[in-house]
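Okay, so here's the structure we're looking at.
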Amino acid sequence: MGDHSRSPTPNFYGILGIPKSASLADICKAYKSLVMKWHPDRNPSNKAEAEAKFSSINEAYRALSIKKREEVKNNACNGDHHEPKTPKKKKSSNREKDDDDDDNDEDRKEFQISNPTLLSRTTSRISPLPSPTFSNSSSRRSTTPPPMDFFPKTPSGGNTPTTPSTPRDSTFGSLSKAGSRRCPTPIFFSQSVVRRKPQPVEKKLECTLEELCHGCVKKIKITRDAISSSGLIVQEEEILMIKIKPGWKKGTKITFEGKGDERPGTLPADIIFCIDEKRHPLFKREGDDLELGVEVPLVQALTGCTVPVPLLGGGQINLSIDDIIYPGYEKIIPGQGMPMSKDGKRGDLKLKFLVEFPAELSDDQRSEVVSILEECS
């Protein structure tokens with residue numbers, strides 16, 4: 001008696017819904033149609049029945065496709081050219097006969113596998129069939145592609161195969177000058193993805209008006225997560241040097257590329273430092289100009305005075321004022337404001353005067369003020 005595993009039962013034809021005279025192309029066409037129809041993901045309401053039919057469809061396809069390819073081999077050996085055949089090569093040694101025996105053993109192993117192996121998306125998808133062995137001389141191995149080769153990865157990220165692709169009839173062709181017959185290299189699905197860079201991390205960098213006026217160098221210590229050569233996440237410390245240029249304004253940004261935290265599958269993020277001005281106790285910045293409030297008593301506002309004016313960064317100048325100082329009176333000192341980053345010139349220092357009025361006046365003082373002011377009008 002022959003090997004019972006090599007004689008597919010007529011039930012396999014019934015499962016695929018094809019006649020016994022069907023060709024390999026008819027088998028593949030029916031298999032593809034039924035797999036799409038009975039895929040478990042397409043039948044959530046009757047998933048148990050779908051899984052059973054899906055398994056039997058794969059078993060029937062595997063058995064019938066192996067049988068059909070064996071018929072092709074037999075026809076090729078008998079000189080029948082009705083089916084595609086591979087080039088015949090004269091056997092030159094007993095070693096090659098041993099290789100053919102190994103191929104037959106491998107075919108038996110293939111027939112015993114009834115379900116395709118389902119692998120995780122995190123691993124490469126390869127043929128579930130045993131890897132063939134080769135001798136030093138020309139050798140052959142089974143050309144039956146397992147159903148797994150027809151399955152691309154599902155777009156939704158599932159682990160079950162989807163619709164099959166077109167069968168590879170080219171497996172019967174000659175792939176070398178020596179005329180050896182072999183199936184194509186198993187399909188490897190690339191799991192590599194482009195490493196994306198996350199959004200940059202923004203941090204404030206506070207600077208005083210003196211630092212923004214004269215410039216300085218700031219040292220910033222950062223601690224970030226990094227991936228070591230062993231794949232572990234470790235913390236690294238680094239000192240960043242930031243050169244503050246004279247004239248920089250609030251909102252100026254300094255970017256350090258790749259100095260942020262690193263996560264698996266992504267590139268390190270960028271760090272952006274945004275200049276922020278610290279509040280000054282005396283001066284207020286308005287663009288390239290500085291404003292300074294000066295308070296004078298009423299008597300000096302009316303009679304004139306000399307006012308000491310502090311300067312940004314130290315020092316002072318004495319400013320003599322002969323005008324009558326009224327509320328809202330302003331005096332401009334050119335070239336004592338903030339530097340301009342483009343041409344190096346400096347803005348102006350604007351003095352805004354506040355007049356200090358007495359809190360109380362006697363009746364005699366009131367009458368004298370009235371008489372004096374009446375004469376002025």
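Below 11 angstrom from the Cβ of Arg346, what's the summed charge of the other residues (Lys, Arg +1; Asp, Glu -1)? So the surrounding residues net to -3.
A simple spin-label model places pseudo-atoms 7 Å from Cα toward Cβ; at Ile332 and Lys221 they are separated by 4.7 nm.
Computed from phi, the 3J(HN,Hα) profile of region 294-306 under the Karplus parametrisation 6.51, -1.76, 1.60 (θ = phi - 60°) reads 10, 10, 10, x, 4, 5, 6, 5, 8, 10, x, 6, 10 Hz, with x in place of Gly and Pro.
Projecting the Cα atoms of Val355, Cys376, Asn318 onto the charge dipole of region 248-377 (Cβ charges, centred on the Cα centre) puts Asn318 farthest toward the positive pole. Derived scalar couplings between HN and Hα for region 254-260 equal 10, 10, 10, 6, x, 9, x Hz in order, rounded to whole Hz, by the Karplus curve 6.51 cos²θ - 1.76 cosθ + 1.60 (θ = phi - 60°), x for Gly and Pro.
3J(HN,Hα) along region 235-252, derived from phi through the Karplus expression 6.51 cos²θ - 1.76 cosθ + 1.60 where θ = phi - 60°, amounts to 9, 10, 10, 8, 9, 9, 9, 10, 8, 7, 8, x, x, 4, 10, 4, x, 5 Hz, with x in place of Gly and Pro.
Taken together, the values in this text are just the output of simple stated rules run on the coordinates, not laboratory data. Just so we're clear, the structure is a prediction, and the values are computed from it rather than from any experiment. Ideal geometry is used to build each Cβ from the backbone, glycine not excepted, and the neighbour counts take in all protein chains shown.
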